[in-house]
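Engineer: Dropping the structure in here first, questions after.
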Amino acid sequence: MKIERWNPEKDGPLSEKALRQKLETLGYRATRYVYPPGTYFSTHAHEVDKVDAVLSGQFRISMGGGSVVLGPGDAVHVPRGVEHSAKVVSDETVVSLDGVKGSF
C-alpha cells in the first residue's frame, strides 16, 4: 500500500477545497464523508478505482495483508475489486474525501 502525503510546500495549505481539487485533477469524483469514532467497515470491495483521503482524524485501512493509519492529508489508492476494511482509530471524528473513478 502506497500512502500519498500532502506536501504543503508543493500543494499549499491543506483544506477541503485544495484536496478536492487535487483529486479531481487526477480524474476522481470526490465525495465528503464524516465518520464518528468507532466507525468500522468490514471487509468489502468496490467496482471502481477509489482513493481514500483524510482531512481530519485517523482512519486505519487494511488491504492485501497490510494495514496503515491515515491522518490529515494522507491518501491511499484502493484498486477496483481489492478487498479492504477500514476503521476510525482515534477519538476524533474522521472527515474524508472518497475519490472514485469509473462509471458514474
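Engineer: What about GLU4, is it touching a strand residue (DSSP E or B) at 6+ places or on another chain (Cβ under 6 Å), of a type in the set (Asp, Glu) and either in a loop (DSSP other than H, G, I, E, B) or surrounded by 12 or more Cβ atoms within 10 Å (Cβ to Cβ) (or both)? Even if it seems obvious, please write down each step before you answer.
Structural biologist: Working: touching a strand residue (DSSP E or B) at 6+ places or on another chain (Cβ under 6 Å): yes; of a type in the set (Asp, Glu): yes; either in a loop (DSSP other than H, G, I, E, B) or surrounded by 12 or more Cβ atoms within 10 Å (Cβ to Cβ) (or both): yes.
Answer is yes for this residue.
Engineer: Another one. crowded, with 16+ Cβ neighbours inside 10 Å and under 23 Å from LYS22 (Cα atoms): is that true of VAL69 in this structure?
Structural biologist: On the way: crowded, with 16+ Cβ neighbours inside 10 Å: no; under 23 Å from LYS22 (Cα atoms): yes.
Spelling it out, it is not the case that VAL69 is crowded, with 16+ Cβ neighbours inside 10 Å and under 23 Å from LYS22 (Cα atoms).
Engineer: Could I ask something else about it? For region 1-46, how many residues meet the condition of being of a type in the set (A, V, I, L, M) and more than 15 Å from the chain's Cα centre (by Cα)?
Structural biologist: If we filter region 1-46 for residues that are of a type in the set (A, V, I, L, M), which is where we start, we get 1, 3, 14, 18-19, 23, 26, 30, 34, 45.
Among the residues that remain, those that are also more than 15 Å from the chain's Cα centre (by Cα) are: none.
Adding up the residues that qualify gives 0.
Bear in mind these aren't lab numbers, they're just calculated from the coordinates by the rules spelled out. Source: prediction; values computed, not measured. Every residue, glycine among them, receives a Cβ derived from its backbone with ideal geometry; neighbour counts consider all protein chains shown.
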